[in-house]
Amino acid sequence: MKKILCALLVLAMSLSCFFGCGTNKEKKEEGKIKIVTTIFPEYDWVMNVLGDKKDNADVTLLLDNGVDLHSYQPTADDILKISNCDLFIYVGGESDDWVQDVLKKADNKNMKVINLLDVLGDKAKEEEVIEGMQSDHEHEEGEEHEHDKDNEKEKAQVENNKEEEKEIDEHVWLSLNNAKVLVNKIGSTLMEIDKSNKDTFKKNTQDYIKKLDKLNEKYKETIKKANKKTLIFADRFPFRYMLDDYGLNYYAAFAGCSAETEASFKTVSFLSKKVDELSINYLITIEGSDKKLAKTIISNTKSKNQKVLTMDSMQSTTSKDIKEGKSYLDTMEKNLKVMEKAVK
């Protein structure tokens, strides 16, 4: 994959040299700010800060076809757009390793760059592998002997996995507290780029942050009334930032950035027992799940009558979804309704 990416980079830079003058001339004639974002939340935040000045900007969402952050690789056209943009916004985790090579060869040396993880600083968290969670280091071989493992060995394995897993959890956008920090950074950067619309961007930023605060209070009120403080995800778990914000506990089949697709017998058994132990009524999956794992876990519980709910991590948002009116705030509102049901 790295060889392919290098080839794409060479092609893109060649195209940039060939068409570079025309591109810059076109940009000046249009008089538009060129903004490139990698994921949907970044795109939606930018559009809200721009407000009624949207027509003054050319905003690109790179991951607009349902491919999530962890499997995305830029096309030559994507690289060319980044190379000539005025503002580039990306998450900055391991999934974005390709970015540095692109930025080094960018045509626009005055480009502003926002790395979400850098903006958050020590608020960014390491991805964790907790008890019962299947890590990427786990394999199916020898599964028939899993029953013979004692609790001490199991706990030791969890600790080993924690030591191995030092990757930063990239899903920072799923915290409303983080969103406030990131939107504020986007707003201040746009004010630097387009000083003529500084007052508009400032007001739009402040108005949007008020909406984030209002929704954050609704989350807090919901959790205050909660009967349960633990959620169980029969899926990957990208919601750590969100749950940490409200003091909720969780168990999950896989870590948020896990490439695993099949859960081991041990994982299914552990989560089924937790459902029984905690009297859980709902299992949670993320968007795009076939719910097969959730159904398997339910079939191994005592009552076998739990329901499956879905939360949207916004990792598979498409341009079609955006045209149909999907927004960050609406999605987080819907996630709140799911959480409200799950904690009853």
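What follows draws every value from the coordinates through simple rules; no lab data is involved. It should be emphasised that the depicted structure is a prediction, and the values quoted were computed from it without experimental measurement. Reconstructed Cβ throughout: ideal geometry from the backbone, glycine too, with neighbour counts over all protein chains shown.
Could you please find all residues in the stretch 88-132 being closer than 17 Å to Ser175 by Cβ and loosely packed, with under 14 Cβ neighbours inside 10 Å? Asp118, Gly121, Asp122, Lys123, Glu126, listed by residue number. Restricting the stretch 66-81 to residues that are within 20 Å of the chain's Cα centre (by Cα) and part of a helix (DSSP H, G or I), the residue that is nearest to Asn108 (Cα to Cα) is Asp78.
Residues that are touching an Asp or Glu at 6+ places or on another chain (Cβ under 7 Å) and in contact (Cβ under 8 Å) with a residue 60 or more places away in the chain within the stretch 63-91 comprise Leu69, Ser83, Asn84, Ile89, Val91, listed in sequence order.
Taken as a whole, the stretch 210-223 holds no residue that is without any contact (Cβ under 8 Å) to a residue 60 or more places away in the chain and hydroxyl-bearing (Ser, Thr, Tyr). Looking across the stretch 32-65 at every residue that is hydroxyl-bearing (Ser, Thr, Tyr) and not in a helix (DSSP H, G or I), the one that is farthest from Tyr90 (Cα to Cα) is identified as Thr60. Among the helices (runs of 4 or more DSSP H) confined to the stretch 236-329, the ones with at least 3 residues that are closer than 30 Å to Glu42 by Cα are located at 240-245, 319-323. Ser327: of a type in the set (Ser, Thr, Tyr) and over 23 Å from the mean Cα position of the chain (by Cα), yes or no? Criteria not met by Ser327.
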